[in-house]
Amino acid sequence: MNKFHNVEKLAFKGDILTLHVDGKEYQFKLQDISGKLANAPDFEREKHEISPSGYGIHWPLIDEDLSIDGLLGLKHVPQKLKEKITLASL
């Protein structure tokens with residue numbers, strides 16, 4: 001399985017989500033990323049699952065999913081497309 005990200009820590013403080021991903025810390029206002037998280041009580045926020053690939057986070061009690069790429073504003077290019085681009089530039 002490809003590992004997209006290493007999510008080291010996830011924590012909430014008030015209306016802020018703090019993520020430690022790939023050795024860097026990021027903070028997000030809950031209202032900016034998810035109305036469901038912003039309105040959920042603490043116990044529902046704390047119950048989360050990080051996907052084994054590091055691709056996303058799931059909150060089962062509120063049925064919310066966020067991708068790490070989406071939060072960080074990243075786009076992954078599939079390997080086959082990378083190979084096509086490399087071959088085309090030769």
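Please treat every number below as a calculation from the coordinates, not as lab data. These numbers come from a predicted model, not from an experiment. We place every Cβ from the backbone using ideal geometry, glycine too, and count neighbours over all the protein chains shown.
The figures follow:
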item: Estimated inter-spin distance, ASP42 and LYS29, nm [label 7 Å along Cα→Cβ]; result: 2.2
item: Residue-count net charge about ASP65 - beta-carbon cut-off 15 Å; Lys, Arg +1, Asp, Glu -1; result: -2
item: Greater than 21 Å apart at Cα, pairs in LYS13/LYS75; LYS3/LYS36; LYS13/LYS47; LYS3/LYS24; LYS36/LYS75; result: LYS13/LYS75; LYS3/LYS36; LYS36/LYS75
